[in-house]
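The values are calculated or read from the model by the stated rules, or taken from the named source; none is laboratory data. If you're wondering where the values come from, they're calculated on a predicted model, not measured in any experiment. All accessible areas refer to the heavy atoms of the entire protein, side chains included, with ligands and DNA or RNA removed. Shrake-Rupley method; radii C 1.70, N 1.55, O 1.52, S 1.80 Å.
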Amino acid sequence: MSSTSSSQMGQLVADKHVRYILMAEKKKESFESVVMDHLRMNGAYWGLTTLDLLDKLGCVSEDEVVSWLMTCQHESAGGFAGNTGHDPHILYTLSAVQILALFDKINILDIGKVSSYVAKLQNEDGSFSGDMWGEIDTRFSYIAICCLSILKCLDKINVEKAVEYIVSCKNLDGGFGCTPGAESHAGQIFCCVGALAITGSLHYVDKDLLGWWLCERQVKGGGLNGRPEKLADVCYSWWVLSSLIMIDRVHWIDKAKLVKFILDCQDLENGGISDRPDDAVDIFHTYFGVAGLSLLEYPGVKVIDPAYALPVDVVNRIIFTK
């Protein structure tokens with residue numbers, strides 16, 4: 001399979017993507033902003049991580065972001081909500097911790113309180129609920145493990161049972177679903193492989209079988225889909241690619257074609273990246289497009305960690321700080 005080289009690549013309009021992200025935050029009355037109000041914490045993580053990957057995190061006010069973020073913490077539970085005044089959820093708690101990691105501000109947290117919130121969501125079978133209402137999904141297993149690893153509190157959960165539950169969601173095609181017996185899906189595969197990578201449990205993955213399933217997600221146009229017979233979508237440039245890297249099978253896809261697909265999804269005038277060429281752009285796909293280019297070693301984009309979904313320099317700072 002071919003690999004990427006600068007001569008084969010189009011151009012990433014990085015400055016326009018930076019402007020798009022900075023402008024999106026200011027348009028609080030727009031339709032897009034209103035419908036995303038309940039998951040603003042996720043949006044902040046997507047936008048800020050994109051800025052960091054493009055080496056432009058300094059364009060935002062750290063104090064402003066951190067002070068808003070702390071208003072989203074639920075005082076008694078310890079977890080974070082998607083926005084001020086909303087209910088806490090494990091999804092937004094990880095995004096909050098990741099944002100603080102970007103700014104090297106994890107020390108402002110009551111780590112015991114946040115880690116206890118996450119740990120209490122583990123169920124008897126090793127799975128995790130997303131919040132007090134009890135929805136179970138392997139997404140939440142990954143989120144809990146990733147979050148607690150960043151906080152250096154993995155000892156607060158039963159890691160062995162958490163791994164056993166994830167392995168119970170493995171399918172005959174080598175992939176993973178959201179619960180035992182559920183269909184394999186690239187997003188869930190990232191969550192399961194990422195959690196297994198962080199816990200040092202990748203030996204449970206059939207790397208050749210899963211690698212084949214994942215590389216078959218590449219369609220003729222170069223993009224990746226999330227399941228058989230689906231359209232390609234830029235976000236799978238992250239979910240599929242990161243999984244392939246973690247199991248050392250990324251050389252099984254055509255990287256140059258994937259780079260071209262991502263670049264073709266850019267809005268070259270106003271910035272931002274869409275799910276597929278000529279569609280409307282959004283923060284979600286802008287982040288996953290840039291993150292995908294990072295995994296593809298695109299020039300000028302910082303290196304991202306495929307398991308933690310944070311820039312490698314941020315992860316190293318966490319790991320090597322006592």
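Report in % the part of the accessible area of the chain that belongs to carbon and sulfur, leaving out ligands and nucleic acids; probe 1.4 Å.
Values: 7540 of 14270 Å².
For the chain, the apolar C and S fraction of the accessible surface comes to 53 percent.
So, for the chain, what is the accessible surface per residue at a probe of 1.4 Å, expressed in square angstrom? Numbers along the way, then the final one.
Numbers: 14270 Å² over 322 residues.
Value for the chain: 44 Å² per residue.
Using θ = phi - 60° and the Karplus curve 6.51 cos²θ - 1.76 cosθ + 1.60, what whole-Hz ³J(HN,Hα) does each residue of region 286-302 get, with Gly and Pro shown as x?
4, 4, 5, x, 5, 5, x, 5, 4, 4, 8, 6, 5, x, x, 10, 4
Give a residue-ordered list of calculated ³J(HN,Hα) values for region 38-45 (Karplus: 6.51 cos²θ - 1.76 cosθ + 1.60, θ = phi - 60°; whole Hz; x for Gly, Pro).
Karplus-based 3J(HN,Hα) across region 38-45 equals 6, 10, 4, 4, 4, x, 5, 4 Hz.
With θ taken as phi - 60° and the coefficients 6.51, -1.76 and 1.60, list the Karplus ³J(HN,Hα) couplings across region 179-194 in order, rounded to whole Hz; mark glycine and proline as x.
Listing the rounded values in order: 8, x, x, 7, 4, 5, 8, 4, x, 5, 4, 4, 4, 6, 5, x Hz.
Starting from the amide H of F80, placed 1.01 Å from N in the peptide plane, find each other amide H under 5 Å away whose residue is 5 or more places distant or on another chain.
The answer is H74, H89, T93.
Report relative contact order for region 68-111 in percent, whole number only (criteria: Cα-Cα under 8 Å, sequence separation at least 6).
Relative contact order comes out at 24 percent.
Any idea of W46's accessible area? Nearest 10 Å², probe 1.4 Å.
Roughly 40 Å² of W46 is accessible to a 1.4 Å probe.
How high is the relative contact order of the chain, given as a whole-number percent (alpha carbon pairs under 8 Å, six or more residues apart)?
Numbers: 550 pairs, mean separation 65.6, N = 322.
Value for the chain: 20 percent.
Just to verify a number: what accessible area does E183 come out at with the full protein assembly present, 1.4 Å probe, Å² rounded to tens?
The value for E183 is about 110 Å².
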